1. Open to solvent by 80 Å² or more (accessible area, probe 1.4 Å), outside any loop (DSSP other than H, G, I, E, B) and either closer than 19 Å to ILE243 by Cα or of a type in the set (Val, Ile, Thr) (or both): which single residue out of VAL450, VAL419, VAL382, VAL440 fits that description?
2. Please state which of the following conditions ASN297 fails to meet, knowing it meets all the rest: (1) on the phi < 0 side of the Ramachandran plot; (2) modelled with pLDDT of 80 or more; (3) surrounded by fewer than 24 Cβ atoms within 10 Å (Cβ to Cβ).
3. In the range 51-65, is there at least one residue being out of contact with any helix residue (DSSP H, G or I) (no Cβ under 7 Å at 6 or more places or on another chain) and either surrounded by fewer than 22 Cβ atoms within 10 Å (Cβ to Cβ) or at pLDDT 80 or above (or both)?
4. Is there any pair with a first residue in the range 70-98 that is without any contact (Cβ under 8 Å) to a residue 12 or more places away in the chain and more than 14 Å from LYS212 (Cα to Cα) and a second that is open to solvent by 10 Å² or more (accessible area, probe 1.4 Å) and not in a helix (DSSP H, G or I) whose Cβ atoms are under 8 Å apart and which are 6 or more apart or on different chains, and what are they?
5. Determine which member of the set SER405, SER388 is without any contact (Cβ under 8 Å) to a residue 24 or more places away in the chain and open to solvent by less than 60 Å² (accessible area, probe 1.4 Å).
6. How many of the residues making up the range 398-443 are touching a helix residue (DSSP H, G or I) at 6+ places or on another chain (Cβ under 9 Å) and basic (Lys, Arg)?
7. Evaluate the following for LEU395: is it touching a helix residue (DSSP H, G or I) at 6+ places or on another chain (Cβ under 9 Å), assigned to a helix (DSSP H, G or I) and of a type in the set (A, V, I, L, M)?
Amino acid sequence: MKPATGRLIKNTGLLYIRLIFLTLINLYAVRVTLDALGDIDYGIYNVVASIVASLSILTGAMTSATQRFLSFHLGRVDYEAYSKTFTLLLLCFLAMTGILIIIGEPFGIWAINDWLNFPPDRTYAVHWVFQTSLAAFAIGLITIPYTSSIVANEKMHAFALFSIVEGVLKLLIAIMLVHYGGDRLILYSILTMIISIVVLAMSVMYCHSSFKYCRYVWKWDKSIFSQLYKYTGWNLFGSVSSILATQGQNILLNIFFGPIVNASKAIADRIQHVINGFSVNLYMAASPQIIKSYAANDHDRALNLVMKTSKMSFLLIFVLSFPLFCNTENLLGIWIVKSTETPYMTVFARLILLYCIALSLEPPISRIIQATGNIRKYQISVGVITLSFIPIAALALWLGASAPSTVVIQITIIVIAQVVRIVIAHGQVGLSYRSYTSHVIIPIIKTMAVAIPSYFILESLTTESAGFWITLFYTIAAGAWGLAIGAVLGLDGSDRRLILEMITKKIKHPH
């Protein structure tokens with residue numbers, strides 16, 4: 001096994017250990033938090049945080065540029081360029097923090113007062129949530145160059161450790177809320193902001209001690225700044241469309257239906273976060289190697305990683321989503337306190353699982369295109385398609401469509417955008433239509449062709465309002481069947497040999 005492949009497998013394993021731990025923490029934390037805050041306050045926090053997150057229009061482009069350029073310089077083994085780029089990026093993020101406060105304060109207060117629908121007696125708490133969310137977001141901006149450096153250097157053990165610390169702190173907050181007698185929403189927002197400060201401190205200390213080329217040193221380089229500026233400029237449009245589509249949905253739901261439906265969507269978003277985490281872990285481990293391989297002119301390996309990662313991401317999401325889809329209502333009944341269940345919760349959850357499956361194919365293709373630095377055509381084409389969600393969803397809701405229909409629209413747009421990404425990757429990096437179809441699309445079609453009728457059969461056998469043990473049995477059975485479908489129809493011979501090699505090596509050398 002090649003050293004790079006071994007490192008990829010090790011990093012993916014570390015990230016999955018992190019994710020399993022965080023999943024258990026987050027599932028319990030969400031239950032406790034929703035019970036402590038109630039559906040109204042939980043919905044309020046979600047929609048107000050969405051307004052703050054919409055300001056990442058200013059930062060999404062820089063985040064992508066950070067990860068791309070740092071990994072690219074490591075691929076070229078150019079530490080001087082890395083140091084200069086890191087310094088310029090840190091300066092840019094500090095400047096953007098100031099811009100965020102200047103723009104965010106008036107925009108956020110205006111949006112809260114004129115757009116949002118919430119009980120009048122919660123106005124004071126809503127403004128507290130906004131201010132603390134804005135502060136946490138600003139702190140998160142400054143953290144980005146440091147966490148991107150950790151990922152670019154493939155130090156996933158540190159990334160996993162910091163994430164676990166963050167998850168444990170969030171769990172402690174949830175437990176604390178239950179025993180607090182004051183305004184729990186205000187306390188929750190303040191403590192969440194403090195966690196972002198802790199994460200920043202850990203990231204800075206680790207990078208300063210581990211990477212001597214990852215610290216602020218004044219080194220102005222006009223050529224590097226010009227590359228960052230051009231790349232970020234074209235990437236900004238893509239970030240605008242993505243953020244508006246994602247966060248705009250929460251605002252539309254609040255305008256048309258109120259905070260209770262936002263609470264339902266918030267639960268679905270939490271499921272999406274957990275499910276996508278499994279795919280993101282594989283992608284996060286592979287992303288630096290895709291960019292480094294491209295930077296080192298090993299384009300064949302870069303494209304091979306793209307196809308392998310695309311297929312494996314889909315299969316991971318499918319295997320996880322299939323049993324949840326078959327038992328959604330009963331699982332939600334076990335997870336969520338009965339008194340806090342809200343309308344559309346089951347429908348939103350199932351649609352979000354389909355959304356996650358569709359979304360799993362996007363990151364690898366996007367990264368290989370971004371590795372070229374030539375993203376103008378990509379961002380304009382995909383950005384326009386993504387941005388079309390807002391007017392289409394608004395029109396649908398205005399015509400009387402239900403709240404979950406917005407997720408159906410999202411899924412449709414994602415599929416169309418993915419086709420465009422493949423066409424662009426073919427033109428820019430030579431991605432073969434035939435290879436992508438045979439290695440990615442056909443395994444997906446075969447898997448879904450068996451999964452869809454299997455779902456209807458399993459659903460007919462599932463008892464509604466089943467108890468814990470019956471639900472657990474059906475979930476495990478559906479999971480085993482989904483795993484069998486993915487293993488037999490989704491994997492080819494080389495995939496199975498690689499997995500067998502990984503298992504054999506781990507048994508012989510457990511440490």
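The values are calculated or read from the model by the stated rules, or taken from the named source; none is laboratory data. Quantities reported herein were computed from a predicted structural model and do not represent experimental measurements. Note that each Cβ is placed from the backbone with ideal geometry, even for glycine, and that neighbours are counted across all protein chains shown. Protein only, heavy atoms only, side chains kept; ligands, DNA and RNA dropped before computing areas. Shrake-Rupley method; radii C 1.70, N 1.55, O 1.52, S 1.80 Å.
1. Unique residue meeting the criteria: VAL419.
2. Condition (1) is where ASN297 drops out.
3. no
4. none
5. Unique residue meeting the criteria: SER405.
6. Residues meeting the conditions: 1.
7. no
Conditions tested, residue by residue: (1) within 17 Å of SER64 (Cα to Cα); (2) hydroxyl-bearing (Ser, Thr, Tyr); (3) at pLDDT 75 or above; (4) in a helix (DSSP H, G or I).
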position	(1), (2), (3), (4)
LYS265	no, no, yes, yes
GLY277	no, no, no, yes
THR309	no, yes, yes, yes
LEU316	no, no, yes, yes
